[in-house]
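Scroll down for the structure; my scribbles are underneath it.
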Amino acid sequence: MSDTHTQDLDLSEEAKFGLGAHAAALAVVCVIALVGNTVATENTVPEGLVGLIVLWIMCMIGMLLTKFVPFKLPSVAWISLVGILATMPWTPGSDWVLDKVSHVNFLTLATPCLAYAGVAIARREIEIAKTSGWKIAVVGVLVMTGTYVGSAIVAQAFL
Amino acid sequence: MPIKDILLDWRLHLSMLVITVIAELVGVIAVPIGIGSILLLPLLYAFVMGLLINPNVISGARALIRDRQVNAASPMIVIAIMPFIAKFGTIIGPSMDKIVAAGPALILQELGNLGTIVLAFPIAVLVLGMGREAIGACFSVAREPNIAIIADKYGLKSQEGAGVMGVYVIGTLFGTFIFAILASILATTGAFSVEALAMACGIGSGSMMAACSGALVHAVPEMEEQILALAGASNVLTYATGLYLCVFVALPVTEKLYDLLGRKEPAKAGA
């Protein structure tokens, strides 16, 4: 969903990067994740490294699909699809893939992302938060609570 | 900005490395409150530390991080979430049978997104007296695809645009906290099944899902695999089907409700 028609708001950051740059930027992120994974878990550096290389390859396949498949899906949707297909029980080699990625903690992988997100908050966003004021903050909390609880209620009803 | 500048911005990447290490060293902290407990996760500390070194938030941080780094950080968010999403995929794959079993609930829970209209919209219009910005603010959880819908239909300079941008920013700033807190409180109270709460975790952005499912896993560690599989599958579906629900159901319904409840005269500008 990176393809938006907005001029004054740049949501299409993915478009700026070529594949080579993606590969390199992804490697930087993986290095940070490797350190995080080593600090946070019992996994050794070689275990984490192999796991992250496997994940890196999945991300790259996902990005290739994003680029070359004619219908548009966001790269995260392709990447998760690659991850799913690689680990389905009847996929050859899925046990090997699962064993390798099991040494990478999923929650630790999100930590660097959120750190970047904190630094990326632009002045414009602070301005919007200030000018919209407390009302929009109240509404925002209600929107998220309503969406979450609404989804949970419907899911509960149909389980 | 040139790609090379982003890649070679070692000041930015090293700061992120230090933040990640500190956040992981602190680890998970559970804060007990009356009806449950709130889980503080490393990814939340990482976000706060990111804010603290952001010169737009703390002007003293300019010594370390400048606008250059702020601009470089933005495209890195999308990149940084990718290994996480790939790992999520590898959790969904082996649990495919459970996901197929939960299929109907998983698809239908997208309808739960309409909960925002039920809860937030009446309060925005009737209690807070908001104008047409309430339409943009309340029709969805206001992530990027939803902004695109509003931008397409009304333009972002409109009142509806101001509404969706306002909630987007609130979500960006506080969304991870709100979802993590909601998930941990609801999980510890036992009012909902863990599976339902896990599916609901998938409604927002990748980082919201991370915070939400992370909090759930810490609350109910023995169900880790199911939680992650359901949250991840739900998040994929949000991208696949959520957009259509927004365009064809949520936005028209919100507009109808506004005709019913909202101001009849032209709303004052910039309210």
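The values are calculated or read from the model by the stated rules, or taken from the named source; none is laboratory data. What you see is a predicted model, and the numbers here were worked out from it, not measured in a lab. Heads up, the Cβs are rebuilt from the backbone with ideal geometry, glycines too, and the neighbour counts pull from every protein chain shown.
Within segment B:1-37, track down each residue that is at pLDDT 70 or above and under 15 Å from B:Val70 (Cβ atoms). The answer is B:Asp5, B:Ile6, B:Asp9, B:Arg11, B:Leu12, B:His13, B:Ser15, B:Met16, B:Ile19.
Taken over segment B:26-74, residues that are of a type in the set (S, T, N, Q), outside any loop (DSSP other than H, G, I, E, B) and under 30 Å from B:Ile185 (Cβ atoms) amount to 1.
Once segment B:92-134 is narrowed to residues that are among the β-branched types (Val, Ile, Thr) and farther than 14 Å from A:Leu142 by Cα, the residue that is nearest to the other protein chains (Cβ to nearest Cβ) is B:Ile92. For segment B:140-156, the candidate set comprises residues that are touching an Asp or Glu at 6+ places or on another chain (Cβ under 8 Å) and more than 7 Å from chain A (Cβ to nearest Cβ); within that set, the residue that is nearest to B:His218 (Cα to Cα) is B:Ile150. Residue-level analysis places A:Val50 among those that are touching a residue at least 24 places away in the same chain (Cβ under 8 Å) and surrounded by fewer than 18 Cβ atoms within 10 Å (Cβ to Cβ).
With crowded, with 18+ Cβ neighbours inside 10 Å and either of a type in the set (Ser, Thr, Tyr) or in contact with a strand residue (DSSP E or B) (Cβ under 8 Å, 6 or more places away or on another chain) (or both) as the only criterion, which of A:Ser102, A:Ser80, A:Ser94 stands out?
Values: A:Ser102 fails: crowded, with 18+ Cβ neighbours inside 10 Å; A:Ser94 fails: crowded, with 18+ Cβ neighbours inside 10 Å.
After ruling out the rest, the residue left standing is A:Ser80.
Answer yes or no: is there a residue in segment A:123-130 that is closer than 27 Å to B:Ala105 by Cβ, at the interface with another protein chain (Cβ under 7 Å from one of its Cβ atoms), without any contact (Cβ under 8 Å) to a residue 40 or more places away in the chain and not in a loop (DSSP other than H, G, I, E, B). Within segment A:123-130, not a single residue is closer than 27 Å to B:Ala105 by Cβ, at the interface with another protein chain (Cβ under 7 Å from one of its Cβ atoms), without any contact (Cβ under 8 Å) to a residue 40 or more places away in the chain and not in a loop (DSSP other than H, G, I, E, B).
What helices (runs of 4 or more DSSP H) completely inside segment B:127-208 contain at least 2 residues that are within 28 Å of A:Leu109 (Cα to Cα)? Talk me through it step by step, then tell me what you get.
Numbers: elements: B:133-138, B:144-153, B:159-189, B:194-200.
Ranges flagged: B:144-153, B:159-189, B:194-200.
The residues of segment B:80-106 that are under 19 Å from the mean Cα position of the chain (by Cα) and over 16 Å from A:Met88 (Cβ atoms), listed by number, are B:Ala80, B:Ile81, B:Met82, B:Pro83, B:Phe84, B:Ile85, B:Leu106. Among the residues of segment B:216-245, those identified as more than 16 Å from the chain's Cα centre (by Cα) and within 20 Å of B:Phe139 (Cβ to Cβ) are B:Ala240, B:Thr241, B:Tyr244, B:Leu245.
Yes/no per residue for (1) part of a helix (DSSP H, G or I); (2) at pLDDT below 90:
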{"residue": "B:Glu224", "(1), (2)": "yes, yes"}
{"residue": "B:Gly232", "(1), (2)": "yes, yes"}
{"residue": "B:Val253", "(1), (2)": "yes, no"}
{"residue": "B:Arg263", "(1), (2)": "no, yes"}
{"residue": "B:Pro266", "(1), (2)": "no, yes"}
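Regarding A:Ile79, is this residue at the interface with another protein chain (Cβ under 7 Å from one of its Cβ atoms), over 23 Å from the mean Cα position of the chain (by Cα) and within 22 Å of B:Asn146 (Cβ to Cβ)? Spelling it out, it is not the case that A:Ile79 is at the interface with another protein chain (Cβ under 7 Å from one of its Cβ atoms), over 23 Å from the mean Cα position of the chain (by Cα) and within 22 Å of B:Asn146 (Cβ to Cβ).
For segment B:14-47, the set of residues classified as facing another protein chain (nearest Cβ under 7 Å) and either over 24 Å from the mean Cα position of the chain (by Cα) or of a type in the set (Val, Ile, Thr) (or both) consists of B:Ile19, B:Thr20, B:Val21, B:Leu25, listed by residue number.
Return the total of residues in segment A:65-77 being modelled with pLDDT of 85 or more and either surrounded by fewer than 20 Cβ atoms within 10 Å (Cβ to Cβ) or within 16 Å of B:Gly202 (Cα to Cα) (or both). Please lay out each step first, then the result.
Initially, segment A:65-77 is screened for residues modelled with pLDDT of 85 or more, giving A:65-70.
Those still in the list that are either surrounded by fewer than 20 Cβ atoms within 10 Å (Cβ to Cβ) or within 16 Å of B:Gly202 (Cα to Cα) (or both) too: A:65, A:67-70.
Matching residues across segment A:65-77 total 5.
Selection of segment B:170-180 for residues being crowded, with 24+ Cβ neighbours inside 10 Å and over 9 Å from the mean Cα position of the chain (by Cα) yields B:Ile170, B:Ala180. One residue stands out among those in segment B:213-222 that are surrounded by fewer than 24 Cβ atoms within 10 Å (Cβ to Cβ) and assigned to a helix (DSSP H, G or I): the one that is farthest from the other protein chains (Cβ to nearest Cβ), which is B:Glu222. Please go through segment B:63-104 and give me each residue that is modelled with pLDDT of 85 or more and among the aromatic types (Phe, Trp, Tyr), ordered by number. The one that is modelled with pLDDT of 85 or more and among the aromatic types (Phe, Trp, Tyr): B:Phe84. Exactly one residue out of B:Ile6, B:Ile77 is crowded, with 20+ Cβ neighbours inside 10 Å, over 24 Å from the mean Cα position of the chain (by Cα), assigned to a helix (DSSP H, G or I) and not acidic (Asp, Glu): that is B:Ile6.
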